[in-house]
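As structure tokens, the structure follows; a few thoughts come after it.
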Amino acid sequence: MREVTIDNVGAVGYDWVIEGIGVIILAYADMTATRTVNSPAGTCDASCTIPGHAEAGMVGTVDAE
């Protein structure tokens, strides 16, 4: 189990999709969202699915031990 926290300090909400494990975290404007996920050991890619956001750099990884 891994706790994932997203701190959205912006004025626009977005989602954070962790690929391969079917997890979507919604981070509304000016909100912190935390979710405990069951992920396999290793690294999972993550990105925002709002059009243009991933292309603008809203991508990353979630590492699980």
Considering residues that are surrounded by fewer than 11 Cβ atoms within 10 Å (Cβ to Cβ) and part of a loop (DSSP other than H, G, I, E, B), the number found within region 12-40 is 3
In region 41-56, residues that are open to solvent by less than 50 Å² (accessible area, probe 1.4 Å), free of Cβ contacts under 8 Å to residues at least 24 places away in the same chain and part of a loop (DSSP other than H, G, I, E, B) total 2
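Could you please find all residues in region 34-53 being closer than 11 Å to GLU19 by Cβ and not β-branched (Val, Ile, Thr)?
Going through region 34-53, the residues closer than 11 Å to GLU19 by Cβ turn out to be 39, 43-47, 49.
Scanning region 34-53 gives SER39, CYS44, ASP45, ALA46, SER47.
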Per the list (1) modelled with pLDDT of 90 or more; (2) among the charged types (D, E, K, R); (3) open to solvent by less than 80 Å² (accessible area, probe 1.4 Å), residue check on ARG2 breaks on (1)
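The values are calculated or read from the model by the stated rules, or taken from the named source; none is laboratory data. All figures in this text were calculated on a predicted structure; none of them were measured in a lab. Because the Cβ atoms are built from the backbone with ideal geometry, glycine has one as well, and the counts that use them run over all protein chains shown. Heavy atoms of the whole protein, side chains included, go into the accessibility calculation; ligands, DNA and RNA do not. Shrake-Rupley method; radii C 1.70, N 1.55, O 1.52, S 1.80 Å.
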